[in-house]
Amino acid sequence: MNLIQALILGIVEGITEFLPVSSTGHLTLTEKLLGLRLDDPGVTAFTAIIQFGAIVAVILYFRTDIIRLAVAWWQGLFHREARLAHDYRFAWYVIAGSVPIGIVGFLGKGLIGGPLRNLWVVVAGLIGWSVVMFIAERVGKRNRPEESTTLKDALVIGVMQCVALIPGVSRSGATISAGLFRNLDRVAATRLSFFLAIPALTAAGAYEGLSSASDISASVGWVPTIVATVVSFLVAYATIAWLLRLVAKHSITVFIGYRVALGLVIAGLLATGVVAAT
């Protein structure tokens, strides 16, 4: 992989990781258009590792909240009165909500990096989950702020995060939709989506970095990987701020038209043989 390809992929990752448009789907398509082999273990590892840049952006953007939650959680371990605070419970909710993706992601690693790395799967995920997003906006009451979050909310959203392992669905699209189905307001659902992303993406990036170091060295190379990771961090930080402002006033259905259009374009490219599915 050359540095231009790395730069492009870093930008794509940074823009799409937290928008409900599927970063994996965009990366899969972009990698294909750049002439990279989707079945190359190094490319698969690269895709997971550069997400770490986006997750560092989340950690820095929400650093005040994260420190507050960490302190509340630590105090609650030793002081009974501290356990009554919402921050203590919320910290446990994030931990509990992260368990499903850890289990499914580990057990399904072969499927995720193999058969699901298919552009027809991306098409199905983009268009199919758009219907779910539309329904979530219509049926969700959006009358519950972040302070009303419960363990059940976190577990439901955590389970839905597993669905996003299917390229095209979108991790943020799945988790925000789940939050809306639970009647959380858009900002609360989006913030919880970000918090749940931290353990999931950190674990995925660290695992791929440690277990696939030789694959990266043999095909993609570490310099392009590092470049793409840094670029994804810079772009993702700006995207986070923009998305939170957007959902405060607008429905996530604003992304549906783009998702469906992209899915149809990819389907057209596949049907005409311009690009191959794998």
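The values are calculated or read from the model by the stated rules, or taken from the named source; none is laboratory data. Since we're looking at a predicted model, the values are computed, not measured. Cβ placement follows ideal geometry from the backbone for every residue including glycine, while neighbour counts extend to all protein chains displayed. All accessible areas refer to the heavy atoms of the entire protein, side chains included, with ligands and DNA or RNA removed. Shrake-Rupley method; radii C 1.70, N 1.55, O 1.52, S 1.80 Å.
Using the Karplus relation 6.51 cos²θ - 1.76 cosθ + 1.60 with θ = phi - 60°, the per-residue 3J(HN,Hα) values for segment 51-63 come to 5, 4, x, 5, 6, 5, 4, 4, 4, 5, 5, 9, 4 Hz, with x marking Gly and Pro. Counting only protein chain heavy atoms and rolling a 1.4 Å probe, the accessible areas of 27, 269 rank, largest first, as 269, 27.
So what is the relative contact order for the chain, in percent, with contacts set as C-alpha pairs under 8 Å and at least six apart?
Reported as a whole number, the value is 37 percent.
Across segment 51-147, the relative contact order, built from alpha-carbon pairs under 8 Å that are at least six residues apart, equals 15 percent. Using just its DSSP H runs of length 4 or more, each adding -39500 (n - 2.57), the chain gives a mean residue ellipticity at 222 nm of -24000 deg cm²/dmol after division by all residues. Largest accessible area first, the listed residues 89, 80, 171 line up as 80, 89, 171 when surface is computed with a 1.4 Å probe on the assembled protein chains. Relative to the longest principal axis of the Cα atoms of the chain, helix 23-33 runs at roughly 10 degrees.
Need the list of aspartates and glutamates near residue 249 for cross-linking: C-alpha distance under 14 angstrom, and skip anything on the same chain fewer than eight residues off. Leaving aside aspartates and glutamates fewer than 8 places away in the same chain, those within reach of residue 249 are 137, 185. Relative contact order for segment 158-268: 19 percent, from Cα pairs under 8 Å spaced at least 6 residues apart, divided by residue count.
Given their separation in residues at 0.36 nm each and the Cα-Cα distance between them, residue 96 and residue 120 gain 5.4 nm when the chain is fully extended.
For the pair segment 14-51 / segment 174-246, the C-alpha centres are spaced 12 Å from each other. Structural size metrics of segment 1-124, computed from C-alpha coordinates, are Rg and Dmax of 18.5, 58 Å.
The equivalent ellipsoid of segment 156-278 has semi-axes of 27, 22, 15 Å, largest first, where each one is the square root of 5 times an eigenvalue of the Cα gyration tensor. On the beta carbon distance between residue 272 and residue 7, with R0 = 25 Å, the FRET formula returns roughly 0.30.
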